[in-house]
Amino acid sequence: MAIISNDEEKKPSRKNTNAVSKQTEYDRGFENNIRPKTFDEYIGQTHLKETLKITILAAKKREQPLDHLLFYGPPGLGKTTLASVIANEMKSNIKITSAPALERPRDIIGILMSLKDGDVLFIDEIHRLNKIAEEILYSAMEDFFIDMTTGKTQTSKSIRIPTAKFTLIGATTKAGALSGPLRDRFGIVHRLEFYTMEELEAVISRTAGILDVKITEDGAKTIALRSRGTPRIANRLVKRVRDYAIVKSDGVIDEKTAKSSLDLLKIDPLGLDTTDIALLRLIIEKYNGGPVGIETLSAALGEDIKTIEDVYEPFLIQAGLILRTPRGRKASAEAYRHLKYKLPSQQVGLFDE
Ligand SMILES: Nc1ncnc2c1ncn2[C@@H]1O[C@H](COP(=O)(O)OP(=O)(O)OP(=O)(O)O)[C@@H](O)[C@H]1O
Ligand SMILES: [Mg+2]
């Protein structure tokens, strides 16, 4: 499987040779090593994987390209990884790009024209496609051709250029920001779910194996608990705990080493990041635990509504820290406990526990 990427945004700048860019290069190498390449290596998302296996087999039998697929869900759950696993399982080439890299019409036309039959085109952050690029994509997705206008106004002619029969895989963290017509052109639309503790433990043990570091079951459990249901975070934590284990103990990650290293790194015991915590504190301190409207939270935090809804809230809701009510968001009793606030006594009755 050849992987060709024109994703300028994610390439390190050639001019930038400071420590930060070196770190990025190192991280990229680490990412490539641990990224699953087959369905067997791809942990969790069981239902989605089973559905995809059947769709892939059917497409192979029909000798037709796979239907266009859209994956959405919070960052780090494995959308990009899954796209390359699919291409690998289809024995197809994949071209990886992202919407911000497709600014001019010729960017999207160029990439569409370069595709061969059966290729996979992966467009990350697909909700950020501009209108023109989106319209060019419509006919390519539906009927495999591009409508192009040549010449100046009076003599202009519209010509249709066929494209190869490709599969588009789109990924987004903000499904709500995708236009209806674009969304409708995907044959398969799937939301990626947060990983269970067992699945995260499996991700952590696999990564530790690739890094050649010993880890106990309890060590993996301790890291899983602070991984926010997200394999990307789990992997990042394994790397940091591994460093700690090498310096401070015998290099083995057990419960004690994992705990002291994560505490030292000030990783929140539930894996919350600074925005999660700011959001909860805001509801608790300024709005007396809520309910408070999402618009108000968005203005106070300086994050757009869709980002709060699609990126931050899903985990906070799943962890039972935020409750969604018709009158707005409320902090749960668990959120008060976790952030060490005293429950306002007059509100105790309001919490659904
Ligand atoms: N199912 C999985 N099994 C094992 N590791 C996984 C799995 N899914 C993701 N990972 C790991 O987590 C990391 C993040 O995954 P990926 O980049 O695919 O997430 P994403 O959903 O595309 O995130 P973003 O929205 O930020 O683009 C990958 O480097 C990969 O190693
Ligand atoms: Mg991605």
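Per the Kirkwood definition applied to all pairs of different Cα atoms, how many angstroms is the hydrodynamic radius of the range 197-264?
Its Kirkwood hydrodynamic radius stands at 11.1 Å.
About the Cα centre of the chain, how large is the charge dipole given +1 on each Lys and Arg Cβ and -1 on each Asp and Glu Cβ? Please answer in debye to the nearest 20. Show your work: numbers first, answer last.
Details: 53 positive and 49 negative charges, 125 e Å.
Computed charge dipole of the chain: roughly 600 debye.
Give me the net charge of residue 71's neighbourhood, meaning all other residues with Cβ under 9 Å from the Cβ of residue 71; Lys, Arg count +1, Asp, Glu -1.
+2
Determine the distance separating the Cα centre of the range 226-275 from the Cα centre of the range 298-315; give it in Å without decimals.
Here the two parts' Cα centres lie 26 Å apart.
What's the FRET efficiency of residue 113 with residue 340 using the Cβ-Cβ distance as r and R₀ = 56 Å, to the nearest 0.05? Present the calculation step by step, with values, prior to reporting the outcome.
Details: r = 58 Å, r/R0 = 1.04.
It comes out at approximately 0.45.
Select from 305, 253, 223 the residue whose mean-square fluctuation is largest in a Gaussian network model of the chain (Cα-Cα springs shorter than 10 Å).
305
Excluding same-chain residues fewer than 8 positions from residue 306, which aspartates and glutamates have a Cα within less than 15 Å of its Cα?
Those aspartates and glutamates meeting the cut-off are 125, 276, 295.
For helix 255-264, what angle does its Cα long axis make with the longest principal axis of the chain, in degrees from 0 to 90 and rounded to 10?
In the chain, helix 255-264 runs at an angle near 80 degrees to the longest axis.
To two decimal places, what compactness ratio does the chain give when its Cα radius of gyration is scaled by 2.2 N^0.38 Å?
1.13
Going 7 Å from the Cα of residue 184 toward and past its Cβ, which residues in the range 116-143 have a backbone nitrogen under 17 Å from where you end up?
Under 17 Å, as judged by backbone N against the label point of residue 184, lie 134-143 of the range 116-143.
Choose one answer from 174, 342, 131: the residue with the largest mean-square fluctuation in a GNM of the chain with alpha-carbon springs under 10 Å.
The residue with the greatest mean-square fluctuation here is 342.
What is the extension gain from residue 250 to residue 325, computed as 0.36 nm multiplied by their sequence separation minus the C-alpha to C-alpha distance, in nm to one decimal?
On the way: separation 75, 0.36 × 75 = 27.00 nm, distance 4.95 nm.
Between residue 250 and residue 325, full extension yields an extra 22.1 nm.
With just the Cα atoms of the range 274-350, tell me how far they stretch along each of the three principal axes, in Å, largest first.
On the principal axes, the range 274-350 reaches 32, 20, 19 Å in Cα extent.
Only the coordinates and a few stated rules stand behind these numbers; no lab work does. Just so it is clear, the structure is predicted and the values come from calculations on it, not from any experiment. Cβ coordinates were reconstructed from backbone atoms using ideal geometry, including for glycine residues, and neighbour counts include every protein chain displayed.
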